[in-house]
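J.: Please see the structure below; I have some questions.
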Amino acid sequence: MTAHAQISDPVSEAPVVSREDLEEIFDDIRSHAVYDHEIHGCLNCGICTATCPSAHYYDYSPREIVQLLWTENLEGIYDAMQEKIWACAQCYTCAARCPFENSPGGLVMIMREVAIKHGMESAKEVLRPFSRVLLKVISTGNQLAPNMITKEAFPDWGPNVSRIDAPLNILRKAIPMPTMHTLDTAWEVNLKTSVELYTIWEATGVLDQLETVDENLFDVVSDVMDEKREEWEEWLEDNEDEDDDD
Ligand code: SF4
Ligand code: SF4
């Protein structure tokens, strides 16, 4: 083993990361379809960090992320993917301000995708609390309807949840789609639409990513998809029969 073949922190229990793995991770980031669109250089001016809300509250700096990528600091990139990239709120204030027209938030999004692809523990930990939401979205096509937003349903939102007593009926009129207004209709996703969505998720690798970060959830979702596909096939057969009868 050469001196630079692997990196590790001698006092950390974290597994050693090989040079090959670091290079593979960076190659995946760099070869992302929008990478060249999101980074054009970096003055290290810090404007992005000065305007970043997450930088005010966390040990996180978009300037640092862009610098790590721009200077191809493989160890630093890997290190940032263990925690820091998950602090970004994806608000894109940075992208609006950067004199180089970089998008640090967009770069973070790419790094998150790659973290998921590589099954990093940080990705699994961050996404674990969302498994219920994911299951709901994937199995019904929707997760939340406006009339579910009540303070009783979300006690974990803290004292500000009382603001939900705002005139929701009036506020909801701002949402143009009537079907989104109630639980009954908002959760009804057309069977054909669901089945088409499954095809898109398969073709775009979403389900592969899900399997990487949460195998149990992937199994449950696969069962739901199989059932819905069967239902859809039955519906098609029934309607073909009816057409033949006509
Ligand atoms: S990404 Fe843009 S705003 Fe941020 S430090 Fe680099 S040049 Fe400045
Ligand atoms: S997108 Fe992320 S990095 Fe950019 S300003 Fe918002 S929180 Fe900060």
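J.: Has segment 75-92 got any residue that is part of a helix (DSSP H, G or I) and hydroxyl-bearing (Ser, Thr, Tyr)?
T.: Yes, some residue in segment 75-92 is part of a helix (DSSP H, G or I) and hydroxyl-bearing (Ser, Thr, Tyr).
J.: Also, I was wondering about something else. Provide a single number: the residues in segment 41-88 that are near ligand 1 (Cβ under 9 Å from one of its atoms) and under 18 Å from residue 27 (Cα atoms).
T.: 5
J.: Next question. Could you count how many residues in segment 65-74 are among the polar types (S, T, N, Q) and part of a helix (DSSP H, G or I)?
T.: Counting residues in segment 65-74 that are among the polar types (S, T, N, Q) and part of a helix (DSSP H, G or I) gives 1.
J.: Say whether the condition of being in a helix (DSSP H, G or I), among the aromatic types (Phe, Trp, Tyr) and under 20 Å from the mean Cα position of the chain (by Cα) is met by at least one residue in segment 56-64.
T.: No, every residue in segment 56-64 fails to be in a helix (DSSP H, G or I), among the aromatic types (Phe, Trp, Tyr) and under 20 Å from the mean Cα position of the chain (by Cα).
J.: Which of the numbered conditions does residue 95 fail, given that it passes all the others? Conditions: (1) part of a loop (DSSP other than H, G, I, E, B); (2) within 16 Å of ligand 2 (Cβ to nearest atom); (3) not hydroxyl-bearing (Ser, Thr, Tyr).
T.: (1)
J.: So, one more: Just name the residue that is surrounded by the most Cβ atoms within 10 Å (Cβ to Cβ) out of those in segment 188-220 that are of a type in the set (Val, Ile, Thr) and under 17 Å from the mean Cα position of the chain (by Cα).
T.: The extreme case among them is 213.
J.: If you take the residues in segment 15-40 that are within 16 Å of ligand 1 (Cβ to nearest atom) and not β-branched (Val, Ile, Thr), which one is farthest from the chain's Cα centre (by Cα)?
T.: So, considering only residues that are within 16 Å of ligand 1 (Cβ to nearest atom) and not β-branched (Val, Ile, Thr), the one farthest from the chain's Cα centre (by Cα) is 40.
J.: Moving on. Pairs, please: C-beta under 8 Å, at least 6 apart or cross-chain, first residue without any contact (Cβ under 8 Å) to a residue 12 or more places away in the chain and in segment 191-207, second β-branched (Val, Ile, Thr) and surrounded by fewer than 12 Cβ atoms within 10 Å (Cβ to Cβ)?
T.: Pairs found: 206/200.
J.: Out of (1) free of Cβ contacts under 8 Å to residues at least 60 places away in the same chain; (2) surrounded by fewer than 18 Cβ atoms within 10 Å (Cβ to Cβ), the odd one out for residue 101 is which?
T.: Tallying (1) free of Cβ contacts under 8 Å to residues at least 60 places away in the same chain; (2) surrounded by fewer than 18 Cβ atoms within 10 Å (Cβ to Cβ), residue 101 fails exactly one: (1).
J.: Run residue 56 past the list (1) over 30 Å from residue 207 (Cβ atoms); (2) more than 16 Å from ligand 2 (Cβ to nearest atom) and report the number of the one that doesn't hold.
T.: (2)
J.: Do we find a residue being more than 13 Å from the chain's Cα centre (by Cα), modelled with pLDDT under 95 and either within 12 Å of ligand 1 (Cβ to nearest atom) or assigned to a helix (DSSP H, G or I) (or both) anywhere in segment 112-121?
T.: Yes - at least one qualifying residue is present in segment 112-121.
The values are calculated or read from the model by the stated rules, or taken from the named source; none is laboratory data. Quick caveat: nothing in here was measured; it's all calculated off a predicted structure. Positions of Cβ are generated from backbone atoms using ideal geometry, with glycine treated the same way; all protein chains shown enter the neighbour counts.
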